[in-house]
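Let me begin by presenting the structure, written as structure tokens, before commenting on it.
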Amino acid sequence: MASLNRVILAGNLTRDVEIKNISDELTVGNTSIAINEGYKDKQTTHFIDITLWNHTAKFANTYLGKGSGVLLEGRLQQDRWQDKDSGQNRSKVYVVVDKLESLDKKGEPRAEVTEVAATEGSASIPF
């Protein structure tokens, strides 16, 4: 049987993207998104961890921050490990983002970003 591992989500970033340069050519960013489901008093919010790589991570770090609306496409990934203290098996499921689009106004970088960064590229990575 064939398998398919694709996720499309729309929500708001719960915190600024934490970015790390692993090497000159490899950058990773981590954050999470909040997705609201339901209606009025029966609303539920889901918090989903996401990982972004290279240009997508740099874009998100430059133009997006806590509260930014995003549309993303990616795949689920599960990490498994054994807890050092308790010896219990642990796991974490998150989305590895392939495509990311800002749902906020285009062309407006976050306040901390300099004017030079604002002129480098567009404010979204289209689908």
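Some values worked out for this structure:
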quantity	calculated
Test: residue in segment 76-97 that is of a type in the set (V, I, T) and modelled with pLDDT under 90	no
Close pairs from segment 42-70: first over 18 Å from V7 (Cα atoms), partner open to solvent by less than 70 Å² (accessible area, probe 1.4 Å) and assigned to a helix (DSSP H, G or I), Cβ under 8 Å, at least 6 apart	T62/A117
Strands (runs of 3 or more DSSP E) completely within segment 23-89 that count 3 or more residues being open to solvent by 70 Å² or more (accessible area, probe 1.4 Å)	44-53, 69-82
Count - residues of segment 10-22 that are open to solvent by 70 Å² or more (accessible area, probe 1.4 Å), part of a strand (DSSP E or B) and in contact (Cβ under 8 Å) with a residue 24 or more places away in the chain	0
Selection from segment 90-100 of residues that are within 10 Å of the chain's Cα centre (by Cα) and either among the polar types (S, T, N, Q) or surrounded by fewer than 19 Cβ atoms within 10 Å (Cβ to Cβ) (or both)	Y94, V96, D98, K99
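Every residue, every condition in (1) at pLDDT below 95; (2) under 14 Å from the mean Cα position of the chain (by Cα); (3) among the charged types (D, E, K, R), yes or no:
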residue: V7; (1), (2), (3): no, yes, no
residue: N12; (1), (2), (3): no, yes, no
residue: S23; (1), (2), (3): yes, no, no
residue: I33; (1), (2), (3): no, yes, no
residue: E37; (1), (2), (3): yes, no, yes
residue: K40; (1), (2), (3): yes, no, yes
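The values are calculated or read from the model by the stated rules, or taken from the named source; none is laboratory data. For clarity, every value in this text was computed on a predicted model and none was experimentally measured. Methodologically, a virtual Cβ is constructed for each residue, glycine included, from the backbone with ideal geometry; neighbour enumeration extends over all protein chains shown. In case anyone asks, the SASA skips ligands and DNA or RNA and just uses the protein heavy atoms, side chains included. Shrake-Rupley method; radii C 1.70, N 1.55, O 1.52, S 1.80 Å.
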